[in-house]
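*Asks:* I'd like to ask you about the structure that follows.
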Amino acid sequence: MTTLANVDPPLRRLFTRLDFAPRPLQQKLSNLLGTWEELRGATVAPSLAAAGEAVPPDGFIFQRDDGERDFLLRRTSPGLERLTGLAETGGRLSASPEPRHAVRLRRLFETVLGAGEPVLAEFSADGHQAANLVVDLLAAPLADSDGRIVGILGGCELRRSFGGEARLPRHAAHMDQPAIFALSRMAPLAETVALQLGTIVSAHEERRFEDGEHKIRPLTGVRNRDVYVFADLASSGVESVNDKLCKLLFFIGALKQSAAARVTLVAPYLCYGRKERQTKPRDPVVTRYLAQMLEAVGCDSVVTIAAHDLAAFQNAFRRETEHLDLHALFARALAPHLQGKDVAVVSPDPGGEKRAELFRETLERVLHAPVAKALVDKKRSMGVVTGELFAGDVAQKAAIIVDDMISTGGTMIRAALACRRHGASEVIALAAHGLFSAGAETFLRDPSVDQIWIADGLPVPASANEAFASGKLCIVATADLLAEVIHALHSGGSINDLQEHAVSPFPEAES
């Protein structure tokens, strides 16, 4: 229940929403509230000690300092650090380098301590290092061993706003905001991106008839809207890539028929990228046919990540295309693990040499250290892979094998074994897309590969759960980048700047 009208005017000026019976739409805040409720049980509030042991990484804890009318930080979180700059345990809220936000938090915390119940607040982060941000902040009371309420368990999320709108929209009629739809398994990623943009994922209907035919349509109005459709174009379970592609084409057609002003396909993994040229007489060039089908139903723009062949992708379409690489994201994620090590970047085949070189150059800039390179020869004909040449020096180095995708993992295993034979001390397999098709279990368990790094543009199949749980499989988030790209496309910003400078919407992503 929103009760902003019932609070004191000074408090109303600090927040755009105060919910004293919160049910957060944001998944992380909802999970945090669930943790608080579980810890509370039949008591007035959970104890500081219990919360300290059970709070998830996205939660923070403050304890009241009665003598100073201040709050001491007992545990920080990435969101709190972005918002207030407080990173060290024991720091005072009043010492935050963002004093305006510190005042808001102090007033909110005092309100929560007085009410003895959780509060969900919203406010605009005007003047913050990253402009046009809205903060959703959950604060819940904590007690000491005597049952006195003396602390706060909290969490916060920062998201983009459009046109000065600071509220999380409850309806799809916000014409100044992009409309976002998520097909197949893309809902979790699309919801995270939508939250960053200050909107929600719009509803749609999917039906499969007894004869296997599909019906799909938007359930919210899209007339004159800027529409973004997140699509998963990899086979999974009972849905083949062809089923998903067929539904996507029908859905884009329905959007254009419903008078959408512009429809952009956001497909982190774009199918049929490996048939971009003729390798045998009378071979189909399916990448071009895919582009023609999307254009025929009215798709205005395509956004994808790490295309198999960038030139073929760009040349296939007559409409606008945006190709995103993840070199900077992967380099930053790997940097802590690689500090102080000799490193080499390896291309598993001659066709990927340019991709590997671009990543190597990015990694050198991030590490501020030289990075060697190597190449594994590979020829495929009639399903048979040959080639024994290995060029480069990986001896006593951490070898990072870079490719655009991992399907069965056969190419990665072959390259990993070659690196081991040439003296690599560690082997890391890195690819933007983890398809993990049938047979990938062998790769996921292969001891020649120490770690596997992928992005979250595709959901991780169940076959990879064991590798993920053991820490062998590491996943890099793309939501921040995709949110920035959609924001730029919607508002007329520069995609090139995002790519060249690896801009992130939040300050902690800057090196």
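The values are calculated or read from the model by the stated rules, or taken from the named source; none is laboratory data. Note that the coordinates shown come from a computational prediction; the quantities given were computed from them, not determined experimentally. All Cβ positions, even for glycine, are placed from backbone atoms using ideal geometry, and neighbour counts span all protein chains on display. We work out accessible area using only protein heavy atoms, side chains counted, and drop any ligands, DNA or RNA first. Shrake-Rupley method; radii C 1.70, N 1.55, O 1.52, S 1.80 Å.
*Asks:* Would you please name the residue that is nearest to residue 107 (Cα to Cα), looking only at residues in region 48-61 that are in a helix (DSSP H, G or I) and open to solvent by 40 Å² or more (accessible area, probe 1.4 Å)? Let's see the steps before the verdict.
*Replies:* As a first pass, look at region 48-61 and keep what is in a helix (DSSP H, G or I): 48-54.
Subset that is open to solvent by 40 Å² or more (accessible area, probe 1.4 Å): 49, 53-54.
Values: 49: 24, 53: 26, 54: 26 Å.
So the residue we want is 49.
*Asks:* I'd like the residue in region 86-97 that is in contact (Cβ under 8 Å) with a residue 12 or more places away in the chain and loosely packed, with under 14 Cβ neighbours inside 10 Å and, out of all such residues, is nearest to residue 133 (Cα to Cα).
*Replies:* Kept after step one, since they are in contact (Cβ under 8 Å) with a residue 12 or more places away in the chain, are these residues of region 86-97: 86, 88-94, 96-97.
Checking which are loosely packed, with under 14 Cβ neighbours inside 10 Å leaves us with 88-90, 97.
Numbers: 88: 24, 89: 26, 90: 27, 97: 17 Å.
Within region 86-97, the match that is nearest to residue 133 (Cα to Cα) is 97.
*Asks:* Tell me which of these residue 192 doesn't satisfy, since it passes every other one: (1) under 24 Å from residue 314 (Cβ atoms); (2) touching a helix residue (DSSP H, G or I) at 6+ places or on another chain (Cβ under 6 Å); (3) open to solvent by 60 Å² or more (accessible area, probe 1.4 Å).
*Replies:* (1)
*Asks:* Separate question: Just give me the residues in region 250-276 being crowded, with 19+ Cβ neighbours inside 10 Å and touching a residue at least 40 places away in the same chain (Cβ under 8 Å), in sequence order.
*Replies:* 251, 252, 255, 260, 264, 266, 268, 269, 270, 273, 276
*Asks:* Taking region 317-326, which residues are farther than 24 Å from residue 261 by Cβ and either more than 24 Å from the chain's Cα centre (by Cα) or outside any loop (DSSP other than H, G, I, E, B) (or both)?
*Replies:* Initial filter on region 317-326 (farther than 24 Å from residue 261 by Cβ): 325-326.
Within region 317-326, no residue meets the criteria.
*Asks:* Might you let me know whether region 334-347 holds any residue that is assigned to a helix (DSSP H, G or I), in contact with a strand residue (DSSP E or B) (Cβ under 6 Å, 6 or more places away or on another chain) and modelled with pLDDT under 95?
*Replies:* The answer is no; no qualifying residue exists.
*Asks:* Let me ask you something else. Could you check region 463-475 and list, in sequence order, the residues that are open to solvent by less than 40 Å² (accessible area, probe 1.4 Å) and either closer than 13 Å to residue 431 by Cα or assigned to a strand (DSSP E or B) (or both)?
*Replies:* 473, 474, listed by residue number.
*Asks:* When you scan region 108-139, how many residues do you find that are modelled with pLDDT of 90 or more and either in contact with a Gly (Cβ under 7 Å, 6 or more places away or on another chain) or of a type in the set (Phe, Trp, Tyr) (or both)?
*Replies:* Number of matching residues: 4.
*Asks:* Limited to region 426-462, what total is found for residues that are in contact (Cβ under 8 Å) with a residue 60 or more places away in the chain, in a loop (DSSP other than H, G, I, E, B) and of a type in the set (D, E, K, R)?
*Replies:* Residues that pass the stated criteria total 1.
Here is a yes/no grid of residues against (1) farther than 20 Å from residue 495 by Cα; (2) open to solvent by less than 10 Å² (accessible area, probe 1.4 Å); (3) touching a residue at least 40 places away in the same chain (Cβ under 8 Å):
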site	(1), (2), (3)
310	no, no, no
315	no, no, no
323	no, no, no
329	no, no, yes
338	yes, yes, yes
341	yes, no, yes
349	yes, no, yes
354	yes, no, no
357	yes, no, no
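*Asks:* If you don't mind, another one. Restricting the first residue to region 403-425 and requiring it to be among the acidic types (Asp, Glu), which pairs with a second residue that is part of a helix (DSSP H, G or I) meet a Cβ separation below 9 Å and a spacing of at least six or different chains?
*Replies:* Final answer for the pair search is 403/352; 403/355; 403/356; 403/411; 403/412; 403/415; 404/352; 404/355.
*Asks:* Quick one: in region 164-212, which of the residues that are among the charged types (D, E, K, R), in contact with a strand residue (DSSP E or B) (Cβ under 9 Å, 6 or more places away or on another chain) and not in a helix (DSSP H, G or I) is modelled with the lowest pLDDT?
*Replies:* 167
*Asks:* I've got another one for you. Please enumerate the residues belonging to region 376-404 that are part of a strand (DSSP E or B), out of contact with any Phe, Trp or Tyr (no Cβ under 7 Å at 6 or more places or on another chain) and either at pLDDT 95 or above or open to solvent by less than 40 Å² (accessible area, probe 1.4 Å) (or both). Even if it seems obvious, please write down each step before you answer.
*Replies:* Within region 376-404, the first condition is being part of a strand (DSSP E or B), and the residues that meet it are 376, 379-381, 384-386, 390-392, 398-404.
If we keep only those that are out of contact with any Phe, Trp or Tyr (no Cβ under 7 Å at 6 or more places or on another chain) too, we end up with 379-381, 384-386, 390-392, 398-401, 403-404.
Result: 390, 398, 399, 400, 401, 403, 404.
*Asks:* Does residue 372 count as over 24 Å from residue 305 (Cα atoms) and surrounded by fewer than 20 Cβ atoms within 10 Å (Cβ to Cβ)?
*Replies:* Details: over 24 Å from residue 305 (Cα atoms): yes; surrounded by fewer than 20 Cβ atoms within 10 Å (Cβ to Cβ): yes.
Taking the combined requirement at face value, the residue satisfies it.
*Asks:* Another one. Any chance you could count how many residues in region 12-29 are touching a Leu at 6+ places or on another chain (Cβ under 9 Å), in a helix (DSSP H, G or I) and exposed (fewer than 15 other Cβ atoms within 10 Å of the Cβ)?
*Replies:* 2
*Asks:* Might you let me know whether region 406-425 holds any residue that is closer than 26 Å to residue 190 by Cα and either in contact with a Cys (Cβ under 9 Å, 6 or more places away or on another chain) or of a type outside the set (A, V, I, L, M, F, W, C) (or both)? Don't jump to the end; show me each part of the working.
*Replies:* From region 406-425, those closer than 26 Å to residue 190 by Cα are 406-407; that's our starting set.
Narrowing further to those that are either in contact with a Cys (Cβ under 9 Å, 6 or more places away or on another chain) or of a type outside the set (A, V, I, L, M, F, W, C) (or both): 407.
Yes; the residues of region 406-425 include at least one that is closer than 26 Å to residue 190 by Cα and either in contact with a Cys (Cβ under 9 Å, 6 or more places away or on another chain) or of a type outside the set (A, V, I, L, M, F, W, C) (or both).
*Asks:* In the list 75, 64, 100, which residue meets the criterion of being open to solvent by 50 Å² or more (accessible area, probe 1.4 Å), at pLDDT 90 or above and under 17 Å from residue 137 (Cα atoms)?
*Replies:* Details: 64 fails: under 17 Å from residue 137 (Cα atoms); 100 fails: at pLDDT 90 or above.
Just one listed residue meets the conditions, 75.
*Asks:* Right, another one. Return yes or no: is residue 83 within 23 Å of residue 144 (Cα to Cα), modelled with pLDDT of 85 or more, open to solvent by less than 10 Å² (accessible area, probe 1.4 Å) and within 28 Å of the chain's Cα centre (by Cα)?
*Replies:* Details: within 23 Å of residue 144 (Cα to Cα): no; modelled with pLDDT of 85 or more: yes; open to solvent by less than 10 Å² (accessible area, probe 1.4 Å): yes; within 28 Å of the chain's Cα centre (by Cα): yes.
No: the conditions fail for residue 83.
*Asks:* Residue 281 fails exactly one of the following numbered conditions: (1) without any contact (Cβ under 8 Å) to a residue 12 or more places away in the chain; (2) buried (at least 21 other Cβ atoms within 10 Å of the Cβ); (3) not basic (Lys, Arg). What is the number of that condition?
*Replies:* (2)
*Asks:* May I pose another question? If you go through region 195-240, how many residues are surrounded by fewer than 16 Cβ atoms within 10 Å (Cβ to Cβ), closer than 22 Å to residue 433 by Cβ and either in contact (Cβ under 8 Å) with a residue 12 or more places away in the chain or of a type in the set (Asp, Glu) (or both)?
*Replies:* Total satisfying the criteria: 1.
*Asks:* In contact with a helix residue (DSSP H, G or I) (Cβ under 6 Å, 6 or more places away or on another chain), open to solvent by 40 Å² or more (accessible area, probe 1.4 Å) and either at pLDDT 85 or above or farther than 25 Å from residue 159 by Cβ (or both), is that true of residue 39?
*Replies:* Values: in contact with a helix residue (DSSP H, G or I) (Cβ under 6 Å, 6 or more places away or on another chain): yes; open to solvent by 40 Å² or more (accessible area, probe 1.4 Å): yes; either at pLDDT 85 or above or farther than 25 Å from residue 159 by Cβ (or both): yes.
Yes.
*Asks:* Moving on to the next point. Can you pull out every residue in region 291-307 that is in contact (Cβ under 8 Å) with a residue 40 or more places away in the chain and either crowded, with 22+ Cβ neighbours inside 10 Å or of a type in the set (Ser, Thr, Tyr) (or both)?
*Replies:* Matches in region 291-307: 294, 299, 301, 303, 305, 306, 307.
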